[in-house]
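To keep things clear, I will list the structure first and then write my remarks on it.
The values are calculated or read from the model by the stated rules, or taken from the named source; none is laboratory data. Being a predicted model, the structure only gives us computed values, none of them experimental. As a convention, Cβ positions derive from the backbone with ideal geometry for all residues, glycine included, and neighbour counts pool all protein chains shown.
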Amino acid sequence: MPMSIRQVGPCFAAEVDGIDLTQPLPAQDIAAIHAGMDRFAVLIFHDQNFSDEQQLAFTQSLGSIELAIGTSLRRPDEYRLPPTFADVSNLDRDHKPFGRDDRRRLFAIGNRLWHSDSSFKAVPAKYSLLHARSIPSKGGNTEFADMRAAYDALDQETKDLIEPLICQHSQMFSRAKLGFGDFTAEERERFKPVLQRLVRVHPSSGRKSLYLSSHAGSIVGWPEPEAKALLLDLTEAATQREFVYSHKWRVGDLVMWDNRATMHRARPFPHDEPRDVRRTTLMGDGPTVAQQAT
Ligand SMILES: [Fe+2]
């Protein structure tokens, strides 16, 4: 059966059938996947029984990989997966769910807020590829919002207002929204803010999108409450249900999204059940705005 791409739900998510991602792919399939990403921004592949090595090989066939080092509260000696993977599971090194009050779990609850992966890095992520190895008995959906449609729906006055704006992004800003702020001096240094523009132009499609993320905590040159209020208003508008696709996971699903054109968030699930999802990430082309010297 040849590969086919079929739209599901809103206009930015599609299911891909007739392809086995565990095997090396011909150049025309790679090109079709990139074209599908440019058109839809979220692609869903069911029944992909990846090993870590196969997931990594598929990811690297699409571009350069982004390493996940120092982006969580797991210490290097606590990693369950190699740094080519972002371990967004709720599992410790022994594959056991974190205790309810575990600081690493509480930090990771930040993923339940709308965000774009690695917007807290000077060079933010391109695609994220999340593979489900085990899922909880209920909950744990991932929701996606189309930031191109959200931008298009803004009135012209708002588009003109936000066009030149630059935001500061940090994982400390997103965690502060949940009342999590007990960072060590080393963590505060590691999580210090970076700059991102608020309106991005997609390099392939040419479409503009809102580059929002719960990691965005301030706007350069704006009073803080006014900046936070604008970001909340924009996020509320951008995540109306008409712009959202909610993915209910099956074991073996690989969902791939373009962080330049979408936001996403995890939904709650029973804290004592394993949710083993493994993310590989493609590195972006460069910063969205020149960074201050560090
Ligand atoms: Fe994420």
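Kindly establish whether Arg265 is of a type in the set (Lys, Arg), within 16 Å of the ligand (Cβ to nearest atom) and part of a strand (DSSP E or B).
Considered against the rule, which asks whether it is of a type in the set (Lys, Arg), within 16 Å of the ligand (Cβ to nearest atom) and part of a strand (DSSP E or B), Arg265 comes out as yes.
Say whether the condition of being free of Cβ contacts under 8 Å to residues at least 60 places away in the same chain, surrounded by fewer than 19 Cβ atoms within 10 Å (Cβ to Cβ), in contact with a Leu (Cβ under 7 Å, 6 or more places away or on another chain) and assigned to a strand (DSSP E or B) is met by at least one residue in segment 164-176.
Yes, because at least one residue in segment 164-176 is free of Cβ contacts under 8 Å to residues at least 60 places away in the same chain, surrounded by fewer than 19 Cβ atoms within 10 Å (Cβ to Cβ), in contact with a Leu (Cβ under 7 Å, 6 or more places away or on another chain) and assigned to a strand (DSSP E or B).
Check Lys126 against each of (1) among the charged types (D, E, K, R); (2) within 15 Å of the ligand (Cβ to nearest atom); (3) outside any strand (DSSP E or B) and name the one condition it does not meet.
Of everything listed in (1) among the charged types (D, E, K, R); (2) within 15 Å of the ligand (Cβ to nearest atom); (3) outside any strand (DSSP E or B), Lys126 misses just condition (3).
Please list, ordered by first then second residue, the pairs with beta carbon atoms under 7 Å, 6 or more apart or interchain, first in segment 200-211 and part of a loop (DSSP other than H, G, I, E, B), second among the β-branched types (Val, Ile, Thr).
Tyr211/Val199; Tyr211/Thr288
Search segment 258-272 for residues that are aromatic (Phe, Trp, Tyr) and pair each with any residue that is within 9 Å of the ligand (Cβ to nearest atom) when their beta-carbon atoms are under 9 Å apart and the residues are at least 6 apart or on different chains.
Hits for this filter: zero, empty list.
Can you confirm whether segment 109-130 contains a residue that is farther than 20 Å from Gln171 by Cα, among the small types (Gly, Ala, Ser) and surrounded by fewer than 20 Cβ atoms within 10 Å (Cβ to Cβ)?
Looking through segment 109-130, none of the residues is farther than 20 Å from Gln171 by Cα, among the small types (Gly, Ala, Ser) and surrounded by fewer than 20 Cβ atoms within 10 Å (Cβ to Cβ).
Considering every residue within segment 238-246, establish whether at least one is surrounded by 15 or more Cβ atoms within 10 Å (Cβ to Cβ) and over 17 Å from the mean Cα position of the chain (by Cα).
Among the residues of segment 238-246, not one is surrounded by 15 or more Cβ atoms within 10 Å (Cβ to Cβ) and over 17 Å from the mean Cα position of the chain (by Cα), which makes the answer no.
Looking at segment 49-67, which of the residues that are buried (at least 19 other Cβ atoms within 10 Å of the Cβ) and part of a loop (DSSP other than H, G, I, E, B) is farthest from the chain's Cα centre (by Cα)? Talk me through it step by step, then tell me what you get.
Pass one, segment 49-67, residues buried (at least 19 other Cβ atoms within 10 Å of the Cβ): 50, 55, 58-59, 66.
Filter once more, keeping what is part of a loop (DSSP other than H, G, I, E, B): 50, 66.
On the way: Phe50: 20, Glu66: 12 Å.
Result: Phe50.
Out of Arg80, Arg100, which single residue is among the basic types (Lys, Arg), at pLDDT 95 or above and closer than 30 Å to Thr184 by Cα? I'd like the intermediate steps shown before the answer.
Values: Arg80 fails: at pLDDT 95 or above.
None of the other options fit; the residue is Arg100.
Kindly provide the set of residues from segment 82-105 that are in contact (Cβ under 8 Å) with a residue 12 or more places away in the chain, over 18 Å from the mean Cα position of the chain (by Cα) and closer than 16 Å to Phe183 by Cβ, ordered by number.
Result: Arg103, Arg104.
Answer with yes or no whether Arg75 is within 16 Å of the ligand (Cβ to nearest atom), among the basic types (Lys, Arg) and at pLDDT below 95.
no
Residues that are among the aliphatic types (A, V, I, L, M) and under 18 Å from Met37 (Cβ atoms): does segment 131-142 have at least one? Steps first, answer last, please.
So the first thing to find is which residues in segment 131-142 are among the aliphatic types (A, V, I, L, M), and the list is 132, 135.
From what is left, the residues that are under 18 Å from Met37 (Cβ atoms) are none.
No, segment 131-142 contains no residue that is among the aliphatic types (A, V, I, L, M) and under 18 Å from Met37 (Cβ atoms).
From the list Gly70, Gly110, Gly179, which one is in a loop (DSSP other than H, G, I, E, B) and either in contact with a strand residue (DSSP E or B) (Cβ under 9 Å, 6 or more places away or on another chain) or modelled with pLDDT of 95 or more (or both)?
Values: Gly70 fails: either in contact with a strand residue (DSSP E or B) (Cβ under 9 Å, 6 or more places away or on another chain) or modelled with pLDDT of 95 or more (or both); Gly110 fails: in a loop (DSSP other than H, G, I, E, B).
Step by step, each of Gly70, Gly110, Gly179 is checked, and only Gly179 is in a loop (DSSP other than H, G, I, E, B) and either in contact with a strand residue (DSSP E or B) (Cβ under 9 Å, 6 or more places away or on another chain) or modelled with pLDDT of 95 or more (or both).
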